[in-house]
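*Asks:* Can you keep this structure in mind? I'll have questions shortly.
The values are calculated or read from the model by the stated rules, or taken from the named source; none is laboratory data. Keep in mind that this is a model prediction, so the values were computed, not measured. Here the Cβ positions follow ideal geometry from the backbone for every residue, glycine too, while neighbour counts run over all protein chains shown.
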Amino acid sequence: MGLTYVDGLVTGPSGTSRAVRFMVDSGAKYSLLPLADWRAIDLVPKRRMTFALADGTLIDRDVSECHITLPQGGGHTPAILGEAGDEALLGVVTLEILGFVLNPFNRTLQPARLLLA
């Protein structure tokens with residue numbers, strides 16, 4: 001399987017925006033913004049959460065909220081505030097909030113089938 005990347009724009013509470021290239025990670029719950037990106041848009045921690053890595057290691061990270069705009073659309077989403085060396089990730093919570101899914105066959109984002117019931 002290949003990796004899928006999507007270019008987006010993240011905006012913080014002050015209205016400052018920054019272009020970010022996200023790796024779409026269908027195994028990640030939350031999206032992650034690298035240190036330089038979340039600082040540039042003036043995000044502040046709102047809570048601290050524990051996350052499990054693929055190897056089972058537990059890490060604690062701060063979480064905030066931002067607006068993410070992708071070519072397919074945008075909206076507000078929680079975002080992990082990354083630390084040095086972290087890569088920008090687009091997780092499934094953000095995809096669900098925006099109404100998208102990752103098509104595993106052609107590795108593109110497409111509208112999700114949204115159920116009300």
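*Asks:* Among (1) under 12 Å from the mean Cα position of the chain (by Cα); (2) at pLDDT 95 or above; (3) among the polar types (S, T, N, Q); (4) surrounded by fewer than 18 Cβ atoms within 10 Å (Cβ to Cβ), there is one condition T16 misses while meeting the rest; what is its number?
*Replies:* Among (1) under 12 Å from the mean Cα position of the chain (by Cα); (2) at pLDDT 95 or above; (3) among the polar types (S, T, N, Q); (4) surrounded by fewer than 18 Cβ atoms within 10 Å (Cβ to Cβ), T16 violates only (1).
*Asks:* For the range 30-56, enumerate the residues that are in a loop (DSSP other than H, G, I, E, B), modelled with pLDDT of 95 or more and either more than 24 Å from G15 (Cα to Cα) or out of contact with any helix residue (DSSP H, G or I) (no Cβ under 6 Å at 6 or more places or on another chain) (or both).
*Replies:* Those that are in a loop (DSSP other than H, G, I, E, B), modelled with pLDDT of 95 or more and either more than 24 Å from G15 (Cα to Cα) or out of contact with any helix residue (DSSP H, G or I) (no Cβ under 6 Å at 6 or more places or on another chain) (or both): P34, I41, D42, L43, V44, P45, K46.
*Asks:* Scan the range 74-99 for residues that are assigned to a helix (DSSP H, G or I) and farther than 21 Å from L3 by Cα and jot them down.
*Replies:* I97
*Asks:* Please find, within the range 69-116, the residue that is nearest to F51 (Cα to Cα) out of those that are acidic (D, E) and within 14 Å of the chain's Cα centre (by Cα).
*Replies:* D86
*Asks:* Scanning for something hydrophobic (A, V, I, L, M, F, W, C), within 28 Å of L116 (Cα to Cα) and touching a Lys or Arg at 6+ places or on another chain (Cβ under 9 Å), does the range 88-97 turn up at least one residue?
*Replies:* yes
*Asks:* Condition check: surrounded by fewer than 14 Cβ atoms within 10 Å (Cβ to Cβ) and in contact with a Gly (Cβ under 6 Å, 6 or more places away or on another chain). Does L35 satisfy that?
*Replies:* For L35, the condition - surrounded by fewer than 14 Cβ atoms within 10 Å (Cβ to Cβ) and in contact with a Gly (Cβ under 6 Å, 6 or more places away or on another chain) - is met.
*Asks:* Those residues that are more than 18 Å from D7 (Cβ to Cβ) and either surrounded by 11 or more Cβ atoms within 10 Å (Cβ to Cβ) or among the basic types (K, R) (or both), I need them from the range 100-117; list them, please.
*Replies:* V101, P111, A112, R113
*Asks:* Is there a residue being over 15 Å from L102 (Cβ atoms), under 13 Å from the mean Cα position of the chain (by Cα), touching a residue at least 40 places away in the same chain (Cβ under 8 Å) and surrounded by 16 or more Cβ atoms within 10 Å (Cβ to Cβ) anywhere in the range 49-63?
*Replies:* Initial filter on the range 49-63 (over 15 Å from L102 (Cβ atoms)): 49-63.
If we keep only those that are under 13 Å from the mean Cα position of the chain (by Cα) as well, we get 63.
Filter again for touching a residue at least 40 places away in the same chain (Cβ under 8 Å), leaving none.
There is no residue in the range 49-63 that is over 15 Å from L102 (Cβ atoms), under 13 Å from the mean Cα position of the chain (by Cα), touching a residue at least 40 places away in the same chain (Cβ under 8 Å) and surrounded by 16 or more Cβ atoms within 10 Å (Cβ to Cβ).
*Asks:* Out of the residues in the range 103-117 that are touching a residue at least 40 places away in the same chain (Cβ under 8 Å) and not basic (K, R), state the one that is farthest from T69 (Cα to Cα).
*Replies:* Result: P104.
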